[in-house]
1. Between residue 39 and residue 143, what's the calculated FRET efficiency when r is the beta-carbon distance and R0 is 41 Å? Round to 0.05.
2. Can you classify the range 17-147 as rounded, prolate or oblate using the Cα gyration tensor, where a ≥ b ≥ c are the square roots of its eigenvalues, rounded means a/c under 1.5, and otherwise it's prolate if a/b beats b/c and oblate if not?
3. Angle check, please: helix 82-93 long axis (alpha carbons) against the longest principal axis of the chain (alpha carbons), in degrees 0 to 90, nearest 10.
4. Provide the packing ranking of 83-93, 48-58, i.e. peptides ordered by the mean count of other C-beta atoms within 10 Å per residue, highest first.
5. Once both labels are modelled 7 Å past Cα along the beta-carbon direction, what's the residue 88-residue 56 spacing in nm?
6. Run through the DSSP bridge list for the chain and note the antiparallel percent, rounded to the nearest 5.
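All of the numbers you see were taken from the coordinates with simple rules; none came from a lab. Computed from a predicted structure; not experimentally measured. No Cβ is skipped: glycine too gets one built from the backbone with ideal geometry, and neighbour counts run over all protein chains shown.
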């Protein structure tokens, strides 16, 4: 690792100024051309934590969204380990597996995992029991990593 990539000053023997944090999240996302967001909400039995419609914007100068989205983020503290987020998400949606697989015929269904930290020399571990959701929904395990 170069000193330029040494955000924490470890290579120079410096102490870190701010406390190290780790934040995790797991969301079920359904996106594409969704004719009725409310139907998905009714069928899944939970209110989405985020939605937008094709053509909406995040902000005045942002590009237009290219698709509709229905997203639900597991209600778990970000400080809890990643497997806790995944497990809560799967416990909520496990009984709706067939419906989610049916939606995949016309829409994209995925599990979006997030990992944020200010530590540039750490990793993430997920217990094998928590990986069931990916096999059952036939979606890849993908992890968005942000080090700031």
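1. Rounded to the nearest 0.05, the efficiency is 0.85.
2. Note, shape of the range 17-147 comes out oblate.
3. 10
4. Packing order, densest peptide first, comes out as 83-93, 48-58.
5. For the pair residue 88/residue 56, the computed spacing is 2.2 nm.
6. Numbers: 20 of 25 bridges.
Counting only bridges with both partners in the chain, antiparallel ones make up about 80 percent.
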